[in-house]
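Q: Sharing a structure with you now.
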Amino acid sequence: MAASFTFELLTPELSDDVEALITGLAPTPDPDSKTLVPFHVGEQDAGLVALNDAGEIVAALVVTAVDFSSGNQQEQTPTALFIRGLATDPDFRGKGLGTVLLGMAPQILKQAGLPTRCRLITQIPQERATFFHRAGFQVWEHGTETPQSVTDMMETLLPKVADEPCLTFREVA
């Protein structure tokens, strides 16, 4: 029998379980380190979870929305969702859950009554570039020049994942 999954918005009641999942699976700045980098779901965060038949969280996505529009200077895609955390339980990898969660990310904006056109942005270790590329993201190598506003937000919002992280992004219409 094939496993079925349900997808729900991240609620405060689920935050502890999501934090534990992402903390246990998140990349660390030093790949050889056995020390886990604690992940915290902040008040500004939103997200989605995938639940298995037993109601257990098996995958999670945590994002922070940032509005880049300013006065009369409307960018074509003024909203960015910075992906702060994405994790799938190892027992459930290969089932497309991470890709589905990324595809559903604009639903977070819709639920908040905002336009769903956005830019998904995160930084990743080089070894995760293939996954994000297959999920439709552009991957910029470490050192690629990025807009200063994006760089500032990444340093503020995103955990340090590697000494030389890659920037990934995808436009969502």
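The values are calculated or read from the model by the stated rules, or taken from the named source; none is laboratory data. Note that the coordinates shown come from a computational prediction; the quantities given were computed from them, not determined experimentally. Counting neighbours? That spans all protein chains shown, and the Cβs are built from the backbone with ideal geometry, glycine included.
Q: Mind counting the residues in the stretch 45-79 that are modelled with pLDDT under 90 and not hydroxyl-bearing (Ser, Thr, Tyr)?
A: Adding up the residues that qualify gives 11.
Q: Please count how many residues of the stretch 82-123 are on the phi > 0 side of the Ramachandran plot and at pLDDT below 90.
A: Selection size over the stretch 82-123: 1.
Q: Pick from 108, 121: which is crowded, with 17+ Cβ neighbours inside 10 Å and over 11 Å from residue 170 (Cβ atoms)?
A: Of the residues listed, the single one that is crowded, with 17+ Cβ neighbours inside 10 Å and over 11 Å from residue 170 (Cβ atoms) is 108.
Q: Among (1) under 14 Å from the mean Cα position of the chain (by Cα); (2) at pLDDT below 95, there is one condition residue 35 misses while meeting the rest; what is its number?
A: The failed condition is (1).
Q: Another question about this same structure. Name the pairs: first residue in the stretch 43-57 and closer than 14 Å to residue 18 by Cβ, second residue among the aliphatic types (A, V, I, L, M) and assigned to a loop (DSSP other than H, G, I, E, B), Cβ to Cβ under 6 Å, at least 6 apart or on different chains?
A: 47/10; 49/10
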